[in-house]
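The values are calculated or read from the model by the stated rules, or taken from the named source; none is laboratory data. What you see is a predicted model; the values in this text were computed from it and never measured. Ideal geometry is used to build each Cβ from the backbone, glycine not excepted, and the neighbour counts take in all protein chains shown.
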Amino acid sequence: MSLVFITGATDGLGFLAAELLVSRGHRVVLHARNSAREADARRRLPAAEAVLTGDLSSIDQTCGIAEQVNRIGRFDAVIHNAGTDYRAPRRIETQDGLSRHFAVNTLGPYILTALIQRPKRLVYLSSSMHRGANADFSDVQWKRRSWNSSAAYAETKLHDLLLAFAVARYWPDVFSNAVDPGWVPTRMGGPHAPDDLDEGCRTQVWLAVSGDAAACVSGKYFHHMRQQPPDPIACDESRQDQLMEICSRLSGISLN
């Protein structure tokens, strides 16, 4: 039995992963953005160990989530599932002066990785949209460029791969991997998304708890339980290190 924490777990792929883990006898702690979502998650999955709250767009609240996790104890796995909608019509700036896309999709997972007691496994949700994304870090906040929600989202999904692969290098005792769940019909994906919703949550669950040799690896990118070649930029160690430096500077938190 494993203890697993899942961000953005009140609906969509995060909730489905939680349900699947509970059905297999694992202990699961959910994350909700606010108290209303927390209450809904408790109602829908009463078998969850706990539901922790906090908005990943806020650095302070993200640090608070990490504190809540650490009060429970050391987890076997953390699934970084939470993400913003790629269809946002305009750039939204957080109270910390950051692009909401970057704050939630990139900086949030970085801060939680840095502050949560080191688990045995880390799983980061990326996307096939990372391929061809702009890897120029000179304007990660989209302050100079004309807003393009899809491009901004794709960049953060590349960031998630860079983060997963950097952690795999820095922490050789942890399995750190990234997943493309496919384009599935969640609230974010939309009702006409072509991929299978049930299949979309299985890879992250498998990587979080399975003893299969194929799942006990690190620094890999998966789609439907099979390794896939990522965009080569994701494997560039200098880009990985540069993103870690940017996240450390913006958050004031080092990943040791």
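Per the conditions (1) in contact (Cβ under 8 Å) with a residue 24 or more places away in the chain; (2) in contact with a helix residue (DSSP H, G or I) (Cβ under 7 Å, 6 or more places away or on another chain); (3) over 22 Å from Ser2 (Cβ atoms); (4) surrounded by 15 or more Cβ atoms within 10 Å (Cβ to Cβ), the sole criterion not satisfied by Arg87 is (4).
Residues of the range 68-81 that are polar (S, T, N, Q), touching a residue at least 24 places away in the same chain (Cβ under 8 Å) and part of a helix (DSSP H, G or I): Asn70 alone.
Only one of the listed residues (Thr62, Thr84) is under 28 Å from Ser128 (Cα atoms) and assigned to a helix (DSSP H, G or I). That residue is Thr62.
Here Ala135, Ala152 are screened, and the one residue that is of a type in the set (A, V, I, L, M) and part of a helix (DSSP H, G or I) is Ala152.
So, of the residues in the range 1-48 that are more than 22 Å from Ile116 (Cβ to Cβ) and in contact with a Leu (Cβ under 8 Å, 6 or more places away or on another chain), which turns out to be surrounded by the most Cβ atoms within 10 Å (Cβ to Cβ)? So the residue we want is Leu16.
Consider the range 200-227 and keep the residues that are in contact with a strand residue (DSSP E or B) (Cβ under 8 Å, 6 or more places away or on another chain) and of a type in the set (S, T, N, Q). The one that is nearest to Arg131 (Cα to Cα) is Gln227. Of all residues in the range 168-220, those satisfying the criterion of being small (Gly, Ala, Ser), surrounded by 14 or more Cβ atoms within 10 Å (Cβ to Cβ) and modelled with pLDDT of 65 or more are Ala168, Ser176, Ala178, Gly182, Gly200, Ala208, Ser210, Ala215, Ser218, Gly219. Each residue in the range 16-41 was checked for being among the basic types (Lys, Arg) and assigned to a helix (DSSP H, G or I), and 1 pass.
In the range 233-253, the condition of being closer than 23 Å to Val28 by Cα and modelled with pLDDT of 95 or more is met by no residue. For the residues Trp142, Trp147, the requirement of being outside any helix (DSSP H, G or I), touching a residue at least 24 places away in the same chain (Cβ under 8 Å) and either surrounded by fewer than 17 Cβ atoms within 10 Å (Cβ to Cβ) or within 15 Å of the chain's Cα centre (by Cα) (or both) singles out Trp147. Restricting attention to the range 229-248, does a residue exist that is in contact with an Asp or Glu (Cβ under 8 Å, 6 or more places away or on another chain) and on the phi < 0 side of the Ramachandran plot? Checking the range 229-248: not a single residue is in contact with an Asp or Glu (Cβ under 8 Å, 6 or more places away or on another chain) and on the phi < 0 side of the Ramachandran plot.
Filtering the range 210-256 to residues that are part of a loop (DSSP other than H, G, I, E, B), β-branched (Val, Ile, Thr) and in contact (Cβ under 8 Å) with a residue 60 or more places away in the chain leaves only Ile253.
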